[in-house]
Amino acid sequence: MADALPVCLLDGAFVPAGEARVSPFDRGFLFGDGVYEVVPCYGGKPFRLEAHLDRLQSGLAALAIPNPHSRARWTGLVQQLVAVNGGGDLGLYLEVTRGAGSGRDFLPRAGMQPTVFGFCWRLAASGSGQPERGLACVTLDDIRWLRCDIKSIALLGSVLLRMEAGRRGADEAILLRDGRLAEGSSSSVFVARRGRVATPPANHERLPGITRQVVGDVLATLGLPLDVRDVHREELHAADEIWIASSTREALPVTRLDGRAVGTGRPGPLWRRVFDAFQALKRRETA
Ligand code: PDD
């Protein structure tokens, strides 16, 4: 990931990234008590912002943290943060924690003031070589908790899994629970075999990815059916194509899994169609 751009958002103010300060008593710091979003912006326009703000709202509701801003205020803050950093193609991070207390009580006090932090960075241009090369992934047992539907800032499980993938020379970890596909350490996963695409259902084992939804929309425009169902380890290893999808990586082909070629070992023909249609949809929606 590229470095943070110069201006960040802290509790409603736009401040130089190097000068932003949060209390060490913030429950985000002490407990990982908060949620976050990553919104891609193209040509200075946030992509699928409504869906991201919906998911932020459900995450806050799950944690019983009052949403500090109205929808209109969030939209305005996002637009301002993009604008003060010069627009373009950006990743934009938003975090809301329960706020700072005066000590370390597991049980939060009522009426705390949530902390809001945001920053952005330049996205690597899509079509910049990585899609052609494809990604190497490894399967790992999912060691995370049972509320992976919440976009929690407590990401230690994901960090350890991503580190293990790196140690094994892979770009991403594809996680399995009891031999079934969960998701990537920071991505949704699709598999294709004999022209049919499948991805596992939205439940507590995985994040309801916004890009997963975009890929679903793209498949629909292409007239390709998407099977939403459990996917087993054997199917991953027998797949013609595997893709990972996320807000910062769009949809990328996985060309090696556990040291073996996926399909032909090159980005597949279905992925190529999805990639082109994804670019067209993205341009349309952010025009
Ligand atoms: N991560 N699953 C997990 C565990 C993720 O962390 C992510 C995204 C996704 C894809 O969700 P979306 O399409 O809404 O980005 C699925 C973000 C990008 C991150 O933590 O940086």
Asp230 meets each of (1) farther than 24 Å from Ile150 by Cβ; (2) more than 16 Å from the ligand (Cβ to nearest atom) with one exception, condition (1)
Residue in region 212-227 that is farthest from the ligand (Cβ to nearest atom), counting only those that are farther than 16 Å from Asp276 by Cβ and in contact with a helix residue (DSSP H, G or I) (Cβ under 9 Å, 6 or more places away or on another chain): Pro225
Identify, from the list Asn85, Asn67, the residue that is in the same structural domain as Phe29 (by TED's automatic domain parsing), surrounded by 16 or more Cβ atoms within 10 Å (Cβ to Cβ), away from the ligand (no atom under 16 Å from the Cβ) and closer than 22 Å to Leu207 by Cα. Asn67
Considering region 52-64, residues that are in contact (Cβ under 8 Å) with a residue 24 or more places away in the chain and closer than 20 Å to Lys282 by Cβ, and then whichever is surrounded by the most Cβ atoms within 10 Å (Cβ to Cβ), we arrive at His52
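If the requirement is being among the small types (Gly, Ala, Ser), open to solvent by less than 90 Å² (accessible area, probe 1.4 Å) and either assigned to a strand (DSSP E or B) or over 16 Å from Pro131 (Cβ atoms) (or both), which of these qualifies: Ala251, Ala287?
After applying the criteria, what remains is Ala251.
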Index of the failed condition, Gly223 passing every other in (1) more than 21 Å from Arg55 (Cβ to Cβ); (2) in contact (Cβ under 8 Å) with a residue 12 or more places away in the chain: (2)
Checked region 136-182 for anything within 18 Å of the chain's Cα centre (by Cα) and among the hydroxyl-bearing types (Ser, Thr, Tyr); matches are Ser152, Ser158
Within region 1-17, residues open to solvent by 40 Å² or more (accessible area, probe 1.4 Å) and assigned to a loop (DSSP other than H, G, I, E, B) come out as Met1, Ala2, Asp3, Pro6, Asp11
Ala245 - would you say it is surrounded by 19 or more Cβ atoms within 10 Å (Cβ to Cβ) and not in a helix (DSSP H, G or I)? yes
So, in region 18-59, exactly how many residues are away from the ligand (no atom under 16 Å from the Cβ) and either assigned to a loop (DSSP other than H, G, I, E, B) or within 22 Å of the chain's Cα centre (by Cα) (or both)? 12
Only one of Gly103, Gly76 that is small (Gly, Ala, Ser), closer than 30 Å to Gln279 by Cβ and surrounded by fewer than 20 Cβ atoms within 10 Å (Cβ to Cβ): Gly76
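The values are calculated or read from the model by the stated rules, or taken from the named source; none is laboratory data. Note that the coordinates shown come from a computational prediction; the quantities given were computed from them, not determined experimentally. Note that we place each Cβ from the backbone using ideal geometry, even for glycine, and neighbour counts take in every protein chain shown. SASA here: full protein model, heavy atoms, side chains in, ligands and nucleic acids out. Shrake-Rupley method; radii C 1.70, N 1.55, O 1.52, S 1.80 Å.
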